[in-house]
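Encoded as structure tokens, here's the structure I'll be asking about.
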Amino acid sequence: MASIPNILIVDDNIDNLLYLEILLRNLQAKLIKAVSGYEALKITKNIDLSLAILDVQMPCMNGLELAIHINKNRAERKVPIIFLTAAYPDSSKIEEGYDAGAVDYIIKPLNKVILISKINVFLELHWQQARLMENAEKLRVSESKLLQAKQELEQLNQYQIKAIEEERTYISFQVHDELGQSMTALKMDLSWVRQNLDKKDQIEQKMGKMIEMTDDVIRKVQHISSELHPGMLDDLGLVAAIEWYCGEFEERTGIPCKLSLDDMDSEITTINLTLFRILQEALTNVIRHSKATTTKVDLINQKDEITLRISDNGHGIPQEKLNSGKSFGIIAMRQRVQQCGGNIDFLCNSKNGATIEVKIPKTNFS
């Protein structure tokens with residue numbers, strides 16, 4: 001919010017100064033009073049003035065001289081001056097006054113309506129300038145945030161490209177090492193069978209092993225497929241997918257995962273996929289960074305929103321990591337939630353571990 005404008009009033013006559021103060025008391029401005037030019041310069045040395053109302057005829061330093069001193073070091077933002085005078089000055093004095101920063105002359109005795117209307121013009125200019133500065137600052141902040149968001153998006157895009165390539169490499173190894181070896185062994189057994197059709201007992205034994213190997217290949221294909229996209233998320237819903245994934249997590253890591261899952265009264269594909277991917281990212285971070293010994297997953301189905309809460313008792317998430325533009329997992333989680341119109345909070349405590357809480361309103365998908 002802009003500061004209240006400062007108005008300097010100077011008159012060597014105390015009564016006139018008091019009268020001016022009474023006339024201007026209802027203005028939305030701060031009045032700075034002085035009875036001489038020297039006093040005025042002293043008390044306004046480091047003060048930004050929106051307007052100065054000066055008596056022309058003063059001893060030692062008259063109003064024209066004071067105006068010159070006031071604006072002497074204000075090259076960019078000169079203070080507008082309204083001169084008060086008992087007699088209309090001659091043309092030379094008028095020119096001298098305008099050179100000193102005058103914007104108007106008002107003849108005494110003062111007319112309250114005229115004086116205040118003229119002052120209000122400058123006050124409105126002050127507020128307009130303040131609004132422009134405020135809008136310029138908002139624009140600067142917006143541009144800064146936009147630039148930061150653009151940089152984060154570019155970094156996230158690079159991260160996702162790298163993650164996709166890593167995922168492809170991982171799948172390639174799985175297909176080659178697990179499926180490839182099994183299929184090679186199966187092909188060798190089939191070749192043996194073709195060459196030994198007369199050995200019935202050995203063929204039956206070999207066929208039994210081939211059936212077991214085929215079942216193993218099917219299980220491996222199902223496992224790889226589930227890691228890419230769990231079919232049960234579409235077939236059985238979010239609750240079943242969370243139970244399956246957390247079971248896999250426990251079996252893989254040995255870290256207990258306690259579940260408290262509300263039944264879902266309606267299954268919304270977008271919400272389901274978002275929450276499931278966040279669960280995957282959160283539990284992956286538990287494995288990589290937290291050194292937790294226990295985890296907990298809560299799924300709360302309320303009337304207007306769905307809440308997913310993943311907690312662990314590990315080291316927590318450092319604040320600098322939460323604010324870093326290179327914490328791509330956290331950025332990805334935030335963007336997924338924002339696309340659903342929801343909110344995500346990271347509650348971290350080095351003693352009590354970390355909690356990731358996601359809230360997604362159902363109204364956006366009704």
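When you count, for each residue, the other Cβ atoms within 10 Å and take the mean per peptide, how do 24-37, 289-302 rank with the highest first?
Details: 24-37: 15.4, 289-302: 16.9.
Going by the mean number of other Cβ atoms within 10 Å, highest first, we get 289-302, 24-37.
Mind ordering 193-205, 121-133 by average Cβ neighbours within 10 Å, highest first? Write down the numbers at each step before the final one.
On the way: 193-205: 10.5, 121-133: 13.8.
So the peptides 193-205, 121-133, ranked by packing, come out 121-133, 193-205.
Here is a follow-up. Using only the Cα atoms, work out Rg/Rh for the range 230-365, with Rh taken as the Kirkwood radius, to two decimals. Please list the in-between numbers first.
Working: Rg = 14.3 Å, Rh = 15.1 Å.
With Rh from the inverse mean 1/r over Cα pairs, Rg/Rh is 0.95.
Net charge near Q195: determine it from the other residues with C-beta under 15 Å of the C-beta of Q195, scoring Lys and Arg +1 and Asp and Glu -1. Walk me through the intermediate numbers first.
On the way: positive: K187, R194, K199, K200, K206; negative: D189, D198.
Local net charge: +3.
What's the local net charge at T307, with K and R +1, D and E -1, over the other residues with C-beta under 10 Å away? Provide the component values of the computation, followed by the final result.
Details: positive: R309, K359; negative: D262, D298, E305, E357.
Local net charge: -2.
Using a/c under 1.5 as the rounded threshold, could you call the range 1-84 rounded, prolate or oblate? The axes a ≥ b ≥ c are square roots of the C-alpha gyration tensor eigenvalues, and prolate needs a/b larger than b/c, oblate otherwise. If you can, show how the numbers build up before the last one.
Numbers: a/c = 1.89, a/b = 1.05, b/c = 1.80.
It comes out oblate by the Cα gyration axes.
While we're on this one: Can you order the peptides 55-64, 245-254 by their average number of other Cβ atoms within 10 Å per residue, highest first?
Working: 55-64: 18.0, 245-254: 14.5.
Result, highest mean first: 55-64, 245-254.
Let me ask another. Label R140 and A240 with points 7 Å out from Cα along Cα→Cβ: what is the distance between them in nm?
So the two model labels end up 5.7 nm from each other.
Just so you know, all these numbers are worked out from the coordinates, no wet-lab data involved. All values reported here derive from a predicted model rather than from experimental measurement. In this analysis, Cβ positions are derived from the backbone assuming ideal geometry, glycine residues included, and neighbour counts consider all displayed protein chains.
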